[in-house]
Structure formats: C-alpha cells, structure tokens
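The values are calculated or read from the model by the stated rules, or taken from the named source; none is laboratory data. Here the structure is a predicted model, which means the values were calculated and not measured. All Cβ positions, glycine included, derive from the backbone under ideal geometry; neighbour counts span all protein chains shown. Accessible surface areas use protein heavy atoms only, side chains included; no ligands, DNA or RNA. Shrake-Rupley method; radii C 1.70, N 1.55, O 1.52, S 1.80 Å.
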Amino acid sequence: QVQLVESGGGSVQAGGSLRLSCAASGYTSTYCMGWFRQAPGKEREGVARIDSDGSTKYADSVKGRFTISKDNAKNTAYLQMNSLRPEETAMYYCAAARKSSCSYRWDSPVTYDYWGQGTQVTVSS
C-alpha cells in the first residue's frame, strides 16, 4: 500500500547542494526509510537511512556532508546533500522497509520493501 515519489534532483556544480524529498502515501511512520543511488553500470549503493526512532546511518563517503531527516506529519523523508562531487552523479532512490525488516543490513537493497522511481542528480566539475 506504500507508494514513494522522489523529487528535488537536478544539475549542480561540484561543491553545490541539493535537497531531495521522498513523499510517501500510506502508513510509513513505523518504517525505516533509506536513500540509495545507482550510476550506470554500477550496483545500487546505500547512502543513508533513518529509523522510526530517528536514528541514522550513513555511508562513509557522505558522512559530514549529507543529512537524512523525516517529517512524520507530512509523511516525507529528505536527503540534504552538501559539497557534492562529480562521482556522486547517479539516479537517487528512496526506499522503505517494514519495522520487522529494519534490523537487517541498512545499506542492502534487499532489506527494503518499497521503492520510488528515482530522481536524477548530475554533478558537473
């Protein structure tokens, strides 16, 4: 019953910032929410995750630059991305997992039950 729609992607110069949004329909307040990215020819990799209790996880490569957050009242998750690098050009996806699945690897796509269609982020040098 959960549907996810990403927005906020676009083109930005290296060092710039973007804020991605993931609007969810259906009940997600007890879910964990993750952001993934996938470049052409590459595997989908975990970027960040936020649990229902507000705790977060980040890939080592984005720590200190990216921030994941959520607004339960709006049923929306966000990813603030600062100091973007050209190698971070990718399709960015929002994902959600039921509470019972959230104890599994946070950065594994298999953990998540629902996926958005993605939003493209392009970082130029």
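Consider VAL5 carefully, then state whether it is open to solvent by 50 Å² or more (accessible area, probe 1.4 Å), of a type in the set (Val, Ile, Thr), assigned to a strand (DSSP E or B) and in contact (Cβ under 8 Å) with a residue 12 or more places away in the chain. For VAL5, the condition - open to solvent by 50 Å² or more (accessible area, probe 1.4 Å), of a type in the set (Val, Ile, Thr), assigned to a strand (DSSP E or B) and in contact (Cβ under 8 Å) with a residue 12 or more places away in the chain - is met.
Counting the residues of the range 90-107 that are over 19 Å from VAL5 (Cα atoms) and surrounded by 14 or more Cβ atoms within 10 Å (Cβ to Cβ) gives 4. Taking the conditions (1) open to solvent by 10 Å² or more (accessible area, probe 1.4 Å); (2) over 11 Å from CYS32 (Cβ atoms); (3) not hydroxyl-bearing (Ser, Thr, Tyr) in turn, LEU84 satisfies each one other than (1). Considering the range 54-71, and only residues there that are charged (D, E, K, R) and in contact with a strand residue (DSSP E or B) (Cβ under 9 Å, 6 or more places away or on another chain), the residue that is least open to solvent (accessible area, probe 1.4 Å) turns out to be ARG65.
All but one of (1) open to solvent by 40 Å² or more (accessible area, probe 1.4 Å); (2) part of a strand (DSSP E or B); (3) of a type outside the set (A, V, I, L, M, F, W, C) hold for GLY41; which doesn't? Result: GLY41 passes all but (2).
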